[in-house]
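A.B. asks: This structure is in structure tokens; I'll ask about it shortly.
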Amino acid sequence: MAELAALEDPKTRAVNEKHGDDHGVNLGKLRALAKRLKTQQELATGLWATDDTAARLLALLICRPKAFSRDELDAMVRAARTPKVHDWLVNYVVKKNPHAEELRLAWSADADPVVASAGWALTTERVAKKPAGLDLAGLLDVIEAEMKDAPDRLQWAMNHCLAQIGIEHPAHRARAIAIGERLGVLKDYPTSPGCTSPFAPVWITEMVRRRQDEPTA
């Protein structure tokens, strides 16, 4: 904790706080510290228990993802107060845990929109990597009905799923683009030069174009 405190930088904190993250540690330095510590599940558990955002981010980098029980992960996602902790928890830990599918189903139906967004993030992962068994048309039905009025974090996760369906599954692409156009979610989101807009129709079209432009082996 003393080492993390020494890495604290006020300018980094000011930038992070604009995104809802209450820590001031450069993530490159945090990753370097994690690389030095290597995997230490017991230390990770202790760091998580501090409720300090930088400590929790470090914990997620040095833990053993498969060591957590379903109930532990459920409690952790509900305790993940900031966007970066939430994202790292889902992407670095839950996705690698044997309970991921069970949690995906439970979280997607949760009344808490932040917890539900974790379920949608896991669904997006399946859309891209293991779509067998998913009802893609049904997912589009839910997105079409609920995304427009969903709270920010949940809306963002649903939009990502919409884009992923359109990118990965040509049979559903036209409908995914049409839903995005009709709902207009994130249409005016400020996008830096050289970055792809998160507006689903633009995102889908651009990613499909890039894949078509890739040289075949």
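The values are calculated or read from the model by the stated rules, or taken from the named source; none is laboratory data. Nothing here was measured: the structure is a model prediction, and the numbers come from that model. Every residue, glycine among them, receives a Cβ derived from its backbone with ideal geometry; neighbour counts consider all protein chains shown. The area values use the complete protein model at the heavy-atom level, side chains included, leaving out ligands, DNA and RNA. Shrake-Rupley method; radii C 1.70, N 1.55, O 1.52, S 1.80 Å.
A.B. asks: What's the whole-number percent of alpha carbon pairs in segment 96-201 lying beyond 18 angstrom? Write down the numbers at each step before the final one.
C.D. replies: On the way: 2521 of 5565 pairs.
Result for the distance tail: 45 percent.
A.B. asks: Report in % the part of the accessible area of segment 1-133 that belongs to carbon and sulfur, leaving out ligands and nucleic acids; probe 1.4 Å. Before the final figure, lay out the partial values.
C.D. replies: Values: 3720 of 6830 Å².
Carbon-and-sulfur percentage of accessible area, whole number: 54.
A.B. asks: With labels modelled as points extended 7 Å from the Cα through the Cβ direction, what inter-label distance (nm, one decimal) is found for T50 paired with R210?
C.D. replies: Going from the T50 label point to the R210 one covers 3.5 nm.
A.B. asks: Tell me the angle of helix 152-168 to the major Cα principal axis of the chain, expressed in degrees between 0 and 90 and rounded to the nearest ten.
C.D. replies: 50 degrees
A.B. asks: Quick one: go through segment 36-72 and flag any residue whose amide nitrogen is under 19 Å from the point 7 Å out along the Cα-to-Cβ line of D9.
C.D. replies: 36, 53-58
A.B. asks: Between D71 and K130, what's the calculated FRET efficiency when r is the beta-carbon distance and R0 is 22 Å? Round to 0.05.
C.D. replies: Working: r = 24 Å, r/R0 = 1.09.
Given R0 = 22 Å and the Cβ-Cβ separation, E is 0.35.
A.B. asks: Based on the Cβ-Cβ distance from R173 to V142, what FRET efficiency comes out when R0 is 25 Å, to the nearest 0.05?
C.D. replies: Details: r = 18 Å, r/R0 = 0.71.
Plugging the Cβ-Cβ distance into 1/(1 + (r/R0)^6) gives 0.90.
A.B. asks: How far is it, in nm, from the label point at T191 to the one at Y92 when both lie 7 Å from their Cα along the line to the Cβ?
C.D. replies: Here the answer is 2.8 nm between the modelled labels.
A.B. asks: Give the share of C-alpha pairs in each 5 angstrom bin for segment 54-146, from 0 to the last occupied bin, in whole percents, shortest bins first.
C.D. replies: 3, 13, 26, 25, 17, 11, 4, 2, 0
A.B. asks: Helix 113-129 against the longest principal axis of the chain: what's the angle in degrees, Cα atoms only, rounded to the nearest 10?
C.D. replies: That helix lies at roughly 60 degrees to the long axis.
A.B. asks: With only Lys, Arg, Asp and Glu charged, each at its Cβ (+1 for the first two, -1 for the last two), find how big the charge dipole of the chain is about the Cα centre; round to the nearest 20 debye. Could you put the intermediate results ahead of the total?
C.D. replies: Details: 30 positive and 30 negative charges, 164 e Å.
Using only the charged Cβ atoms, the result is roughly 780 debye.
A.B. asks: Where only protein heavy atoms count, and the probe is 1.4 Å, what is the accessible area per residue for the chain in Å²? Don't jump to the answer; show the numbers that get you there.
C.D. replies: Working: 11610 Å² over 217 residues.
Accessible area per residue, the chain: 53 Å².
A.B. asks: Using alpha carbon coordinates only, what is the Rg to Rh ratio of segment 1-130, with Rh defined as the Kirkwood radius? Don't skip to the answer; put the middle values down first.
C.D. replies: On the way: Rg = 14.7 Å, Rh = 15.1 Å.
Result: Rg/Rh = 0.97.
A.B. asks: Using the Kirkwood radius built from alpha carbon pairs, what does the Stokes-Einstein equation give as D for segment 3-79 at 25 °C and 0.890 mPa s, in µm² per second?
C.D. replies: Values: Rh = 13.0 Å.
Once the numbers are plugged in, D ends up at 188 µm²/s.
A.B. asks: Next up: Can you tell me what the convex hull of the Cα atoms of the chain projects to on average, as an area in nm²?
C.D. replies: 13.8 nm²
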